[in-house]
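Since every read-out is calculated from the coordinates, none of them should be taken as a lab result. As the structure is a computational prediction, the values presented were derived from the model and not from experiment. Every residue, glycine as well, gets a Cβ built from its backbone with ideal geometry; the counts of neighbours run over all protein chains shown.
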Amino acid sequence: MSRLATVCLALCLPALVAAQDGEAEDGESKRQVLERALEVMDPTQRIDELPSLQMRLNGQIDLAARHQGISPYTNSWVPIEESIAIDLQQDRLAYRLRWFNYVHSEQTLREIYDREGRVLYVDVTNDGGGWSPSVPVPDIRDRYRRLLPQLLVHEALENLDRVEALEGIDSRLDYRTPSNELLSLYFDAQGRVEQVDTVIDMPLMGLVTLTWRYSDYELDQGLLVPRNLELRLRDRLLKRSIITLHLPAPEAEFATPQKIGPPPAPVPWEAAVPAGQTRADVVPIATGVFAVRNLRPGFHVMFIEFEEFIVAVDAPSGWYEMQQLPPMNWSLGNSSRALGDKFLRAIQDTLPNKPIRYLVLTHHHSDHIGGLAPFLQVGVILLAGDSTADVAARAARDAVPTGRIKRVRGKRIISDDSMTVELIELPNDNPHARNFLAVYIPKHELMYLSAFIYPLPKPAFPLKESVPAMRWLVNWLDQSGIAVDTMLNVHGTGRVEDWQLEWVRESMIKKDVH
């Protein structure tokens, strides 16, 4: 039978095909559904015979997606441009992203996956980058390939033992990926992929369903391509894109920048230990003040000792790359509470005879508060600005009485004979988050302010997209009259150096971002 005749049979006689699927053995039934989808979506061109292709996605993303689906804001849509270049013969892939990860912060990033499976991250905006020391998950490259429905179906056909046909449902197949994540594929009456679902453990929300919806298929260069793609979290629209296809992919997309050195021998993904299971590195930074360094790589948090109790600051969690299918959690192998558990254990191991009375939440982004569940279980009182308190209350649901969430407006002082801590609400014109709390310890002239100044070594400092936030902070700090000898940040190297503050002050005079 010719390829065209097979397509006609699939389109005209779906009931007959479904009956044949039901009568065949389970493996054959699954195979028929997947092969029918490819016959329909590749009517005149076999996608696996192409040398390469480029899939471009242009659209908008809700910044709530960047903040993991929870945000007190509305109307937070910003543009996003993506390119996925796939070398189908040499098994290479290149991903390019241009977006705003915050309202003030535009980024252009690249990811290159070579034929050996090594991963290069390139920051185009800041002319930097480097090879990943490990392969995070066994199917990291496929998380981009799957966004094109034909390649997702091809992958399922090649791993038929991972596909399950649901009895009585001829329009859905479940596929378990090599990283053991379940994808549910839904097919329309013509056999095309119209929806893909997966369930993730989202910080602050628990188990939730993510849905990719494909629509408006059009014939393009021999392939039936969906023009529109939507990503939904439960019923909330997070992203919408228009898809265009280009054959072949530009070879330049796979090129490694000359300034990037040779790749190291990667640590196999099987050997990687989840950050939540590694030993906490607790470092005293002043009398009664402790930092937990690299709770997960590049993420540093703080706790403070009083005479009879402890104050912890922020409750970190992992972070999902929402542009992948399924999204990869940067706190790999962990539940949404794993880093919160690790932080709690670090405090209890360091100061075993004192209770944690307060947990200060500096702002609402979920990588800073997504690990609050274990702290709630030991009876802490949450201190947060209004926006953060709203998010925490929704996340906690019935786990915490309303009276244990205290709202900080303006300033709050926690003090005894040994320690004083001031929680200072930043003005709402700050470029990072509403009702943001700075944590200040007067006797040490120490301020903990996450996510404004991103401290990095001199060759990499500053991140250009962070310059507006840095300038805002230094201007506010200078006008406040607060004496600061030590400034700490959750991200980067943790401590903000004097030369970095001076660079920001000089840049405000010179209006120079370089």
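Tabulated data
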quantity	calculated
The chain - percent relative contact order, Cα under 8 Å, separation 6 or more	12 percent
Virtual spin-label span in nm between Asn294 and Leu160, 7 Å along Cα→Cβ	4.6 nm
Summed residue charge, Cβ within 13 Å of Pro51's Cβ, Lys/Arg positive, Asp/Glu negative	-3
With Cα atoms, 0 to 90° folded angle of helix 498-510 axis to the chain main axis	80 degrees
Considering only region 77-191, percent of DSSP beta bridges that pair antiparallel, nearest 5	100 percent
Average Cα contact separation per residue, region 3-254, under 8 Å, 6 or more apart, as relative contact order %	21 percent
Helix-only CD estimate at 222 nm, as mean residue ellipticity for the chain, using -39500 (n - 2.57) per DSSP H run (n ≥ 4)	-6500 deg cm²/dmol
Cα gyration tensor category, rounded, prolate or oblate, for region 273-510 with a/c compared to 1.5	rounded
Summed side-chain charge close to Gly129 - residues other than Gly129 whose Cβ falls under 9 Å, Lys, Arg +1, Asp, Glu -1	0
Helix 149-158 vs. the chain, principal-axis angle (Cα, 0 to 90°, nearest 10)	80 degrees
Summed residue charge, Cβ within 13 Å of Gln90's Cβ, Lys/Arg positive, Asp/Glu negative	-3
Linear extension gain, Gln89 paired with Gln45, 0.36 nm per residue minus alpha-carbon span	14.3 nm
For the chain: rounded, prolate or oblate by the Cα gyration tensor [a/c cutoff 1.5]	prolate
Rounded, prolate or oblate (a/c below 1.5 giving rounded, otherwise prolate when a/b exceeds b/c) for region 220-261 by Cα gyration tensor	oblate
